[in-house]
Structures are given as C-alpha cells and as structure tokens.
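The values are calculated or read from the model by the stated rules, or taken from the named source; none is laboratory data. Please read all numbers here as calculations on a predicted model, not as lab measurements. Cβ sites come from the backbone with ideal geometry, for glycine too, and all protein chains shown count toward neighbours. Please note that ligands, DNA and RNA were not included when accessible areas were found on the heavy atoms of the full protein model with its side chains. Shrake-Rupley method; radii C 1.70, N 1.55, O 1.52, S 1.80 Å.
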Amino acid sequence: MNFSQQTGFLVFRIALPLLVFTIQYVLFRRARKWCKERFPNKLWVFRTTIVLFIVFNVAFLFASLLRPRLAQLPEWVLYVGPYPFFIWHGATFFVGLVVLILSLIKLPFWIGLWVSRRIPASREKLQKVQATTSFQEFDTSRRIFLRRSMYGLSAISFAGSSYGVLLGKTSHELTTAEFAIPNLHPDLDGFTIGLISDVHSSAFMTKREMDEYVVLVNSMQTDLIVVPGDFVNSFVEEVYPFAESFSALKAPCGVYGVMGNHDFYTNDPEQVAKEVNDCGVNLLRNDKVTIEKNSGRFYLVGVDDVGRSTQAEAKIDIALGSALPAIPRILLCHRPYFLPQAAERNIDLMLSGHTHGGQIVLGRFGDTVIAPASIASRYIWGKYKIADTHMYVSRGIGTVGLPIRINCPPEITKITLKRESPAT
C-alpha cells in the first residue's frame, strides 16, 4: 500500500469503531432510561438489555482488532453468529444515529433552557409556563409521540437490517446504459461491455454466489467484460475462490480488470494480482491495451487504486503513454472520485465502482442519491458527466463493513457504445 492507501485504511480501522461505540453508548443510555421508566419492577429487562449491549459490542471489538477469518466457517454458522451480529449493529446504528442527530439538534435549546433557569426573572416565567395545564398536556403528548416514534424506528430498523442481511444483498439487478463516444468507428457502433464490480470475495460472497454471477455476466454475451477492482474483502486467501469462479468469464474481446483499495488492504496485494491475472482477468496496472473489432479500435486504460487526485493524474498519464488522440479512450478506475482528472485527459468513458451505490440508500432524487456514502463522494451510482467525459459508477455485487444492502440491490451492467447520442 502507498501512503495514501495506508492512511485511508487506518482511518477506516479507527474512525469506524469510534463512531460505532459512540452511537452504542448514546443508545445504551437511552435504553437504560427506558427500561427504568417502563419496567421499574422488572430487573430482568434491565439486565437483559445490558447483556445484549455487552455481548454485541465486545464481539465488535473482537472483530475490529483481530479481523477473524470467516470464510472457512460453514454457511449455517453464519446464521447463528455473524448474521445476528450484523443485524444488531445495522439496526442499532440507525436508531443510535437518529438519536445522536436529534440530541445535537436539541443541544442549543437545552443550553438556552439551562441558562434561563439560572436567571431569576426568566426562571420564574419558565416555572409559570410549565405549571399551566396546556403546557403539561403538550409535554405529555410530546413524550408519547417521541416514545411511539422510537418504537416504530426500532421496529423498522431491525426489520430493514434483517432484510438487508438475509435478502437485500442477493436480490441482484441487470441494468443497461448507453454512451455516445466521439470518433467511434462504425464497426464499434453497438459494442457492448459487461461491467461487474466490487465482488468482495469472502464469507459473505461465497464461491457458489460468484459462480451464479459469472453465469449471469456470460449470459449477456457482451463483446468485452471489465471488473474494476475489489476482488477480495480483507485477506489474500479470499482470492482463490474468486479465481476459480471468475476463470469461467468469457468474452470475444477479453476480460480485464484493475486493482481496488481492498485488494491493496491485504498483506500481499501482489499475490492477489497474480491469481487474478492467472484466472483470466487481465489486470491493467497503469497501462492500456487496444481493443479491436473488425476495423474499429479503442484504448482500454486501467490504473491501480489511487488515494489522491495527484496520484490519479500521474497514473492516468503513465497508462495513456503515447495514446493517439483520435482513438477513443475508456478508463477503468476503481474509485469514481477522479472524474475531473479523467476529463482533463480527454477520457471518453470512465467505469468505476467502490461506492456500492451507497449500499444503504434512503432515496434518490434525479442524480442525487440519499445515502451515508454521499458524505464521502458525490459520485454514488449511475451516470455522470464532465465536459465530454462520461462516467458510470456500478453498485457492484459485494458488500463491505456490514453485509447489508437496503434499497440498493447488487448490479451487473451492460454498457453499449454508440456513435450518436442515445434516444433516452
């Protein structure tokens, strides 16, 4: 890993546990208060709540520090151990995040109330208002509303997390996209590319599942297949089932890929690269290849995962080399963040993944995806364009962090190149 990749990995390993434990602490305090108010004479409810928080948070600490290898576990074990763990943390993350946000919103009002109570004149007025019947009725209805809202939020969160773990991450979609490419030779009009990204081979993306995806990709009968990174999730050994499955990918113009950030997060990314190459997914590592069909041709350019825009610029320049300006250029770059740098270098089409489409999506309005991932990137899923450079960001098929997908099914995309602008 380069310095930028190491920094990103450390931030991920440190920031995520801090966020999780902060949310868990906030939620635990609320849960403890709720138990005392609703079940003052039932000590077992309070103790059960404490045990649940301890068990799942100790398990999270264990997983964060030791990074256990789950790929060797029988599939049934996942349903009695890891899956309940992920459902708990997925649900409590959302409930706790909402509580944390509401607490931050309330903070200025709480400070104002605290100050008012320490000023004699305002304290007397405040006490008179609070003593009125209308205020007490309002306060009672407010508390009932908040309590019922929390019940509803908790139920929806646990139901949504259960769906996301057990069903959402496997309910795939086959999507299509067309792009007009300047200077595209007539023999390449209608040229098709199969895009499958972010496999994340692991206990939560098994060889059986990868075999099924490979069959789906082959069934699209595209001219070319590309896999823009994150073949594995965390460990080198995860590349072997990937290689077995993806060795069956076939396309007339070949199968190509680039390395993603998780491929570099392993302790031996070069071994990952070797196995991926040997299985037939030809890696473009800051390099290009000329794709030809009859008399038409274009450059397929690929760069290793990069962490900063300056590195992206340098690697794209190295990969382009002495590329002729009249020949179309298609770039494989794992992260979509570098569309501006691609546009500066007259890339016609950039194909990326990395974001998983947000993985957990609250909604979409036009080109705007409402998801936690939007905090890190404006490019989440679908089509984007700067000047004459198009980009398509795949939702990918795997998961990272929590093996959950909500309102964001795995995606395999058939890209079609056109000489003229598509009708839609």
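Points to keep in mind about this one:
- Cβ pairs under 6 Å, 6+ apart, first in segment 367-382 and over 18 Å from residue 400 (Cα atoms) and open to solvent by less than 80 Å² (accessible area, probe 1.4 Å), second in a strand (DSSP E or B) and not acidic (Asp, Glu): 370/363
- Only one entry in 181, 144, 193, 119 is modelled with pLDDT of 75 or more, more than 25 Å from residue 225 (Cβ to Cβ), open to solvent by less than 80 Å² (accessible area, probe 1.4 Å) and among the β-branched types (Val, Ile, Thr), namely 144.
- Failed condition for residue 99, given (1) over 19 Å from the mean Cα position of the chain (by Cα); (2) open to solvent by 30 Å² or more (accessible area, probe 1.4 Å): (2)
- Annotation note: of 304, 263, the sole residue that is in contact with a helix residue (DSSP H, G or I) (Cβ under 6 Å, 6 or more places away or on another chain), charged (D, E, K, R), open to solvent by less than 20 Å² (accessible area, probe 1.4 Å) and not in a strand (DSSP E or B) is 263.
- Listed by first and then second residue, the pairs linking a residue in segment 312-337 that is farther than 21 Å from residue 354 by Cβ to a residue that is assigned to a loop (DSSP other than H, G, I, E, B), with Cβ atoms under 6 Å apart and 6 or more places separating them unless they lie on different chains, are 326/183; 328/181; 328/183; 328/184; 328/348.
- A Cβ distance below 8 Å, combined with a sequence gap of six or more or placement on separate chains, defines the contacts here; from segment 9-30, residues that are open to solvent by 50 Å² or more (accessible area, probe 1.4 Å) reach residues that are at pLDDT below 85 and of a type outside the set (A, V, I, L, M, F, W, C) in the pairs 13/64; 16/64; 16/401.
Matching residues to (1) more than 22 Å from the chain's Cα centre (by Cα); (2) open to solvent by less than 30 Å² (accessible area, probe 1.4 Å); (3) without any contact (Cβ under 8 Å) to a residue 60 or more places away in the chain; (4) more than 26 Å from residue 180 (Cβ to Cβ):
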{"residue": "198", "(1), (2), (3), (4)": "no, yes, no, yes"}
{"residue": "232", "(1), (2), (3), (4)": "no, yes, yes, yes"}
{"residue": "235", "(1), (2), (3), (4)": "no, yes, no, yes"}
{"residue": "244", "(1), (2), (3), (4)": "yes, no, yes, yes"}
{"residue": "268", "(1), (2), (3), (4)": "yes, no, yes, yes"}
{"residue": "278", "(1), (2), (3), (4)": "yes, no, yes, yes"}
{"residue": "288", "(1), (2), (3), (4)": "yes, no, yes, no"}
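- Selection count where residues are among the aliphatic types (A, V, I, L, M) and either modelled with pLDDT under 95 or within 19 Å of residue 219 (Cβ to Cβ) (or both), scope segment 251-284: 3
- Members of segment 393-413 that are open to solvent by less than 10 Å² (accessible area, probe 1.4 Å), part of a strand (DSSP E or B) and either within 14 Å of residue 371 (Cβ to Cβ) or not charged (D, E, K, R) (or both): 393, 412, 413
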